[in-house]
Amino acid sequence: MNSVITIDGPSGAGKSTVSRRLANVLEFRYIDSGALYRIAALEVMDRHIEEPSDEILAEICRNLDVVFSNGKEQNRIFSHNKDVTEMIRSPEISMLASQLSARPVTRECLTSLQRGMADNMNIVLEGRDAGTVVFPDALVKFFLDASPEERGKRRFKELSLKGSSVSLEQVTQEIIKRDQNDTSRQFAPLRPAADALIIDSTTMSIDEVVDRMIQEIKLKKIEGV
């Protein structure tokens, strides 16, 4: 039986960095479920489809060819052998991915894909419904949060380092809007699983968050940890 650890939470809470670091410590495979939705959004945008039908979305999701190349400090994401790591992190892709994730057909297809990824390996799965929908029986579940203001500062810093001219106010407002979209959608809304450990990282360092998670994992007595 493979072990699954889920880390859910809103945009900008630090899930990617923490999940990757935790996976490296545990020697688990890191899976970024949000990247799957972003790649689907990128495909829709590249095809110049303004209102994709359920049939088109199902076809796009069924034909995703995604490879996660995990590294100690950064993972690269490839779609059909093309590195899309930076491309899928734009504000436009983020908002479109949020909209598509509210569509049942998208979530059904990508939920099935994520479950298949855990067939042959121990994984740390980062997402928004990883512990509530994708793996409701996961051995350990976390919900990583932070204040909207802190998440806005983190995302603004990330985008600024990449040369984006977007303002802090704009980034923060986009995060708040995405929170509203993700928490209010009818299908698989963003919320902590009932048995998830909620961690507010507003005033915590990455190492502090990871250390707290490892403490919880050891309490669960996961094999090999």
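The values are calculated or read from the model by the stated rules, or taken from the named source; none is laboratory data. What you see is a predicted model; the values in this text were computed from it and never measured. Here Cβ is always computed from backbone atoms with ideal geometry, including for glycine, and neighbour counts include all displayed protein chains.
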(message) Tell me the residue from Arg103, Arg38 that is at pLDDT 90 or above, under 24 Å from Arg20 (Cβ atoms), basic (Lys, Arg) and in contact with a helix residue (DSSP H, G or I) (Cβ under 8 Å, 6 or more places away or on another chain), please.
(response) Arg38
(request) Report whether or not Ile199 is out of contact with any Gly (no Cβ under 6 Å at 6 or more places or on another chain), assigned to a helix (DSSP H, G or I) and aliphatic (A, V, I, L, M). (result) no
(message) Quick check on my filter: what residues within region 167-225 are more than 25 Å from Arg155 (Cβ to Cβ) and free of Cβ contacts under 8 Å to residues at least 12 places away in the same chain?
(response) Ala194, Gln215, Lys218, Leu219, Lys221
(request) Would you mention how many residues in region 67-111 are within 17 Å of Gly127 (Cβ to Cβ) and either exposed (fewer than 13 other Cβ atoms within 10 Å of the Cβ) or touching a Cys at 6+ places or on another chain (Cβ under 7 Å) (or both)? (result) 3
(message) Yes or no: region 115-122 includes at least one residue that is modelled with pLDDT of 90 or more and of a type in the set (A, V, I, L, M, F, W, C).
(response) no
